[in-house]
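Undergrad: Pasting a structure here, questions to come.
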Amino acid sequence: MKILLILSSLTFLASCSNNKKESTINIADESLNLKRGAVISCGPQQGEIFGSVLFRGSIPVANQKDFNTAIALLHSFEYDEAEKMFAKIIDDSPGCAMAYWGVAMSNFHPLWAPPSTQDLQKGIKAIELARNIKNKTKRESDYIEAIAQFYNNAKSLEHKSRVLNFEKAMENIYQTYPDDLEASVFYALALNAAADPKDKTYSRQKKAFELLNPIFLQHPLHPGLAHYIIHNMDYPGLAEMALPAARKYASIAPSSAHAQHMPSHIFTRLGLWDECIQSNLVSIASAQCYAEQAGIKGHWDEELHGMDYLVYAYLQKGNYDSAKLQLDYLHTIKETYPANFKVVYAFAAIPSRYALERKNWIMATELPLQTGNFDWKDFPWQESIVHFARALGHVHLNNIKEAEKELSLIKALHENLSNQNKAIEAAQVEVQLQTTYAWIELEKGNTQKAKTLMIEAADMEDALEKHPVTPGSVLPARELLGEMLLHLNEPIQAIEAFEKDLKINPKRYNGMVGLSKAKQLSAKL
């Protein structure tokens, strides 16, 4: 394997035994149902290149390279492939406690959706096995107990509370072992996972960047450093600081589809559409390769995720033909793996964006809920996007009764999310609800009420952070406020709305067009 391995001062000692006589662990391992097989490498370069990892272990020499490979995969969120490598180490050296730690980390997914019941149970079992291994070093035990803080009391503590417990435990490791580079890297990940979406000071994210950036300058081939800088700076006003890492990450781990895609988060934040397009073209090809090599029936979720960002970028360049090709391709996809929130978001957002960004109101009213190997009832936020697009289409065609029907459906989906305590998704849908209500009132002739509602919707959305799965709102509320003000012949206020929105969503095509129109109209006043 062409993996660059750099060793640091972190040492894992006697517990990593290759004594295969430890039958108790082998028997217990059977209940883990570990993923196994060769690591899949798919990227623009040949070979398995996942970056350089600074993680030293006194595990058997024969397993050292695999252990570092597993950590590198973990840092690029290649969780299935990381688990395969940790399983390989367990098979060869069943007394290696840190290999079980790796299994628990592989099933955590701190910046994605909470683990499934199966993943949660696997992590709990892996921690139990790691704890039962004797002769661990203090540092090993600390790492194991840190991830255990996420898995402990899984039935009684909510997901967010357990993430916060993990963050606190990683902070203790970071403080206890100041020379441990990986402690800094995993602590920065924990800070991002624990960040409060309502905290507009971005205190945790900035702290993580202050930890990571100096180390990244010294170790520019470490995948976790680049990756977590991107995640922690994926916010308006901060993204510029992550641009060097974004332009480097794909070349650090070219064999990872996620590493090919992740830089586009920063490119999107900064309106660098050509770079965003290139990033996701490579990512999608890599994801298609992965699905083929892994024997996935259907399309891998990473492909759909890249497609959403790609279509968004095409639309901002006014490249509608290329966007339409992706939309047509999406309509051919009937099965995905896993059929998760990322996949369903792409099914909802791509067609909705294509219709709304082009102001094709007839198309918007006719948007279907595309069939796939999932149930829309399990994804109310994603479903609301389609109803939102339909509602705006009907409003602009003066079909008020139909728009109100869609409004009632959005209300029901919002209530569903609120009842499930899904606050982040519910807040996103509340913006759509308020926006739809505003435009219905505008069409009814209640202009002052419409303006008030739309201003409230824009303020609401500005107070939120975009969900990590999306490149941006299907249509930003403040951009829609600008459109409404243009409609009401209030260009000076429209200029203010568009300019404020473009600070958050730079170089959006319709935002720039709207701003230009507003300036032209204001010059005539």
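Undergrad: So Ser23 ticks every box in (1) surrounded by fewer than 16 Cβ atoms within 10 Å (Cβ to Cβ); (2) at pLDDT 65 or above; (3) not acidic (Asp, Glu) but one. Which box is left unticked?
TA: (2)
Undergrad: In addition: Can you tell me which of (1) within 30 Å of Lys444 (Cα to Cα); (2) without any contact (Cβ under 8 Å) to a residue 60 or more places away in the chain is the one Arg353 doesn't meet?
TA: (2)
Undergrad: Between Asn446, Asn421, Asn399, which is touching a Gly at 6+ places or on another chain (Cβ under 9 Å) and surrounded by fewer than 21 Cβ atoms within 10 Å (Cβ to Cβ)? Steps first, answer last, please.
TA: Values: Asn446 fails: touching a Gly at 6+ places or on another chain (Cβ under 9 Å); Asn421 fails: touching a Gly at 6+ places or on another chain (Cβ under 9 Å).
Being touching a Gly at 6+ places or on another chain (Cβ under 9 Å) and surrounded by fewer than 21 Cβ atoms within 10 Å (Cβ to Cβ) holds for just one of Asn446, Asn421, Asn399, which is Asn399.
Undergrad: Restricting attention to the stretch 87-98, does a residue exist that is modelled with pLDDT of 95 or more, within 28 Å of Ser156 (Cβ to Cβ) and not charged (D, E, K, R)?
TA: no
Undergrad: So which residues in the stretch 229-254 are part of a helix (DSSP H, G or I) and in contact (Cβ under 8 Å) with a residue 60 or more places away in the chain?
TA: Listed by number, the residues that qualify are His231, Ile252.
Undergrad: If a residue has to be out of contact with any Pro (no Cβ under 8 Å at 6 or more places or on another chain), of a type in the set (Gly, Ala, Ser) and either surrounded by fewer than 17 Cβ atoms within 10 Å (Cβ to Cβ) or over 21 Å from Tyr314 (Cβ atoms) (or both) to count, how many in the stretch 498-524 make the cut?
TA: 2
Undergrad: Listed residues His258, His265; which is outside any loop (DSSP other than H, G, I, E, B) and under 13 Å from His75 (Cα atoms)?
TA: Being outside any loop (DSSP other than H, G, I, E, B) and under 13 Å from His75 (Cα atoms) holds for just one of His258, His265, which is His258.
Undergrad: Here's a follow-up. What number of residues within the stretch 292-322 are more than 19 Å from Val469 (Cβ to Cβ) and part of a helix (DSSP H, G or I)?
TA: 6
Undergrad: May I pose another question? From the residues in the stretch 452-468 that are under 23 Å from Asn232 (Cα atoms) and out of contact with any Asp or Glu (no Cβ under 8 Å at 6 or more places or on another chain), which one is surrounded by the fewest Cβ atoms within 10 Å (Cβ to Cβ)?
TA: Taking the candidates together, the pick is Ala463.
Undergrad: OK, next. Working only within the stretch 178-228, note down all residues that are among the hydroxyl-bearing types (Ser, Thr, Tyr) and in contact (Cβ under 8 Å) with a residue 24 or more places away in the chain.
TA: Ser184, Tyr187, Tyr202, Tyr228, listed by residue number.
Undergrad: Every residue in the stretch 277-289 that is crowded, with 24+ Cβ neighbours inside 10 Å, in contact (Cβ under 8 Å) with a residue 40 or more places away in the chain and touching a Phe, Trp or Tyr at 6+ places or on another chain (Cβ under 8 Å), please.
TA: Correct list: Ala287 only.
Undergrad: Now a separate question. For the list (1) buried (at least 19 other Cβ atoms within 10 Å of the Cβ); (2) more than 25 Å from Tyr509 (Cα to Cα), I need the number of the one condition that Gly298 fails.
TA: Here Gly298 clears every test but (1).
Undergrad: Would you check if there is a residue in the stretch 454-464 being without any contact (Cβ under 8 Å) to a residue 12 or more places away in the chain, outside any loop (DSSP other than H, G, I, E, B), over 26 Å from Thr201 (Cβ atoms) and not polar (S, T, N, Q)?
TA: Step one: list which residues in the stretch 454-464 are without any contact (Cβ under 8 Å) to a residue 12 or more places away in the chain, which gives 459.
This time we only want the ones that are outside any loop (DSSP other than H, G, I, E, B), so: 459.
Still in the list and also over 26 Å from Thr201 (Cβ atoms): none.
Checked against the condition, which is being without any contact (Cβ under 8 Å) to a residue 12 or more places away in the chain, outside any loop (DSSP other than H, G, I, E, B), over 26 Å from Thr201 (Cβ atoms) and not polar (S, T, N, Q), the stretch 454-464 yields no hits at all.
Undergrad: All but one of (1) closer than 28 Å to Leu304 by Cβ; (2) outside any helix (DSSP H, G or I); (3) not aliphatic (A, V, I, L, M) hold for Asn489, so report the exception by its number.
TA: Failing condition for Asn489: (1).
Undergrad: Suppose the filter is surrounded by 19 or more Cβ atoms within 10 Å (Cβ to Cβ), out of contact with any Lys or Arg (no Cβ under 7 Å at 6 or more places or on another chain), at negative phi and modelled with pLDDT under 95; does Phe347 pass it?
TA: No.
Undergrad: Can you confirm whether the stretch 102-117 contains a residue that is modelled with pLDDT under 95 and part of a helix (DSSP H, G or I)?
TA: Yes, that holds for at least one residue.
Undergrad: I've got another one for you. In this structure, does Tyr202 turn out to be at positive phi and modelled with pLDDT of 95 or more?
TA: When the stated conditions are applied, Tyr202 passes them.
Undergrad: Which pairs do you get when a residue that is closer than 13 Å to His331 by Cβ and free of Cβ contacts under 8 Å to residues at least 40 places away in the same chain, found in the stretch 363-376, comes within reach of a residue that is assigned to a loop (DSSP other than H, G, I, E, B) and basic (Lys, Arg), reach meaning Cβ atoms under 8 angstrom, with the pair 6+ apart or on two chains?
TA: Thr371/Lys334; Gly372/Lys334
Undergrad: Let me confirm something: among Leu157, Leu129, Leu120, Leu191, which residue is in a helix (DSSP H, G or I), surrounded by fewer than 20 Cβ atoms within 10 Å (Cβ to Cβ) and in contact with a helix residue (DSSP H, G or I) (Cβ under 9 Å, 6 or more places away or on another chain)? Outline the logic, then answer.
TA: Working: Leu157 fails: in a helix (DSSP H, G or I); Leu129 fails: surrounded by fewer than 20 Cβ atoms within 10 Å (Cβ to Cβ); Leu191 fails: surrounded by fewer than 20 Cβ atoms within 10 Å (Cβ to Cβ).
Among Leu157, Leu129, Leu120, Leu191, only Leu120 is in a helix (DSSP H, G or I), surrounded by fewer than 20 Cβ atoms within 10 Å (Cβ to Cβ) and in contact with a helix residue (DSSP H, G or I) (Cβ under 9 Å, 6 or more places away or on another chain).
The values are calculated or read from the model by the stated rules, or taken from the named source; none is laboratory data. Here the structure is a predicted model, which means the values were calculated and not measured. Neighbour counts are summed over all protein chains in view; Cβ atoms, including those assigned to glycine, are modelled from backbone coordinates with ideal geometry.
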